[in-house]
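For reference, the structure discussed in these notes is given below.
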Amino acid sequence: MKKLGILAGVAGLAVSAVFLASGARSADDAKLEQLKQQGFARVAIANEPPYTAVAADGKVSGAAPDVAREIFKRLGVKDIVASISEYGAMIPGLQAGRFDVVTAGLFMKPERCAAVAYSEPVLCDAEALLVKKGNPKGFKSYEDIAKDSSATVGAPGGGTEEKLALNAGVPRDRVIVVPDGQSGLKMVQDGRIDAYSLPVLSINDLVKKANDPNLAVIAPVVGAPVYCDGAAFKKGDEALRDAYDVELAKLKKSGEFAKIIEPYGFSAAAAMSTTREKLCSAK
Ligand code: 6CS
């Protein structure tokens, strides 16, 4: 095993030497140089409009990838290549090297901040519940769902809404993991779940496209925080994250950040009113 360790160490030095020779200021910049040479950054997304979206022709859009594409272009990385992932699989996938960055609306929370290197805030949103017209069970909060022993709520696996429902006291067997927005919408329409929870802009996008008068949106969910995401980098890629933050700050300052995200319904002011430090230390 010792021999393998030495070989890996030598290989690592060789890679760094190549990148340093390519003009990277330090081994830390090796990742950015690698992406420049690769010609693209591999991003994880969820396909949850307006955060992220993949069209029938494969075109990737959404506020998070659009910001990432612009920033990587300014860093000399020509494009992004997206892979769809469940929220709960994004951080393990990043840590396993399957993605170079998560740009999916992965909300900053202390436990996630401990596992990845987040950029400064990008997209902020409150939480919502999709229910039948008239909100027959009178939900205003996750606690209301917990108190009703017959009530069920759908949420993304490993997602924030799943955690919020469980933390509010909804038993595990009444928090239903739902793979995507369309499934969640259908499950509410068919009465298979009493509520489906996603961030407000995601639920509003689903409802607008469904054009179903028998649905209602409860927003914001009382007692749930407003969250903000950031681009999530692998621990160890802080130099790449820092370079990303420099360009993000320029976009925010020039007004171009607002031009990218506000047509999707996001508030640039909301993202600029907070910081990674505040969001990662939130109680
Ligand atoms: O960060 C999360 O876990 C949540 N973010 C979004 C944009 N949608 C649902 C997900 O649970």
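The values are calculated or read from the model by the stated rules, or taken from the named source; none is laboratory data. Here the structure is a predicted model, which means the values were calculated and not measured. Glycine also receives a Cβ, built like all others from the backbone with ideal geometry; neighbour counts cover every protein chain displayed. Areas reflect the complete protein model, heavy atoms only, side chains present, ligands, DNA and RNA absent. Shrake-Rupley method; radii C 1.70, N 1.55, O 1.52, S 1.80 Å.
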Legend entry - Boolean, residue 68 is in contact (Cβ under 8 Å) with a residue 12 or more places away in the chain, within 23 Å of residue 282 (Cβ to Cβ) and either among the aromatic types (Phe, Trp, Tyr) or not in a loop (DSSP other than H, G, I, E, B) (or both): no
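From the list 205, 237, 242, which residue is open to solvent by less than 40 Å² (accessible area, probe 1.4 Å), more than 30 Å from residue 190 (Cβ to Cβ) and of a type outside the set (A, V, I, L, M, F, W, C)? It would help to see each step written out before you state the result.
Working: 205 fails: more than 30 Å from residue 190 (Cβ to Cβ); 242 fails: open to solvent by less than 40 Å² (accessible area, probe 1.4 Å).
So the residue among 205, 237, 242 that is open to solvent by less than 40 Å² (accessible area, probe 1.4 Å), more than 30 Å from residue 190 (Cβ to Cβ) and of a type outside the set (A, V, I, L, M, F, W, C) is 237.
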Legend entry - Per-region count, the stretch 273-283, residues touching a residue at least 60 places away in the same chain (Cβ under 8 Å) and either outside any loop (DSSP other than H, G, I, E, B) or buried (at least 18 other Cβ atoms within 10 Å of the Cβ) (or both): 3
Inset, instruction - State the number of residues belonging to the stretch 72-108 that are under 16 Å from residue 51 (Cβ atoms), of a type outside the set (Gly, Ala, Ser) and open to solvent by less than 40 Å² (accessible area, probe 1.4 Å). - result: 10
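To keep it simple, each residue is scored yes or no on (1) part of a loop (DSSP other than H, G, I, E, B); (2) within 14 Å of the ligand (Cβ to nearest atom).
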{"residue": "36", "(1), (2)": "no, no"}
{"residue": "41", "(1), (2)": "no, no"}
{"residue": "47", "(1), (2)": "yes, yes"}
{"residue": "72", "(1), (2)": "no, no"}
{"residue": "77", "(1), (2)": "yes, no"}
Legend entry - Scope the stretch 256-270; condition farther than 15 Å from residue 105 by Cα, in contact (Cβ under 8 Å) with a residue 24 or more places away in the chain and open to solvent by 40 Å² or more (accessible area, probe 1.4 Å); matching residues: 256
Legend entry - Residue, farthest from residue 143 (Cα to Cα), within the stretch 162-178, restricted to residues that are within 14 Å of the ligand (Cβ to nearest atom) and out of contact with any Pro (no Cβ under 8 Å at 6 or more places or on another chain): 176
Inset, instruction - Answer yes or no: is there a residue in the stretch 181-194 that is open to solvent by 10 Å² or more (accessible area, probe 1.4 Å), touching a Ser or Thr at 6+ places or on another chain (Cβ under 9 Å) and within 13 Å of the ligand (Cβ to nearest atom). - result: yes
